[in-house]
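The values are calculated or read from the model by the stated rules, or taken from the named source; none is laboratory data. All figures in this text were calculated on a predicted structure; none of them were measured in a lab. Cβ placement follows ideal geometry from the backbone for every residue including glycine, while neighbour counts extend to all protein chains displayed.
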Amino acid sequence: TVSEVTVSPDLRVAVAYILPLGGIGGDEVVKAARSHIPYIRSILAHNLSLKYVPTLNFVKDTAFENKTAMDELLSNPHIAQDLGERPSDETEETDSKD
């Protein structure tokens, strides 16, 4: 799955963030995608009206992993206390008592 593509302001470099379905084998998928860069660029050359075909790069998308790690951090009671908030479990218990 291509989750995002960023393009440089001059349209000469494009970075595609990819993640395999299920999230397993990301490095292999990136390696396979990189091996097809010449073919993909030739398709782009025929379908885009640009002076230059962008240089392509594929990288593993770690946004979902980062989000999971951040959610775990923010659900920690000590972190929530520092933020002046209650962890979501305590909030739900308090709300159900009212």
Inset, instruction - Test each condition in (1) charged (D, E, K, R); (2) assigned to a strand (DSSP E or B); (3) more than 21 Å from the chain's Cα centre (by Cα) for E4 and report the one that comes out false. - result: (3)
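For (1) assigned to a helix (DSSP H, G or I); (2) within 23 Å of S3 (Cβ to Cβ); (3) modelled with pLDDT of 70 or more, each residue gets a yes or a no:
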residue	(1), (2), (3)
V29	yes, yes, yes
I43	yes, yes, yes
H46	yes, no, yes
K51	no, no, yes
F58	no, yes, yes
F64	yes, yes, no
T91	yes, no, no
T94	yes, no, no
Inset, instruction - Quickly run through the stretch 13-27 and pick out the residues that are surrounded by fewer than 17 Cβ atoms within 10 Å (Cβ to Cβ) and modelled with pLDDT of 90 or more. - result: V13, V15
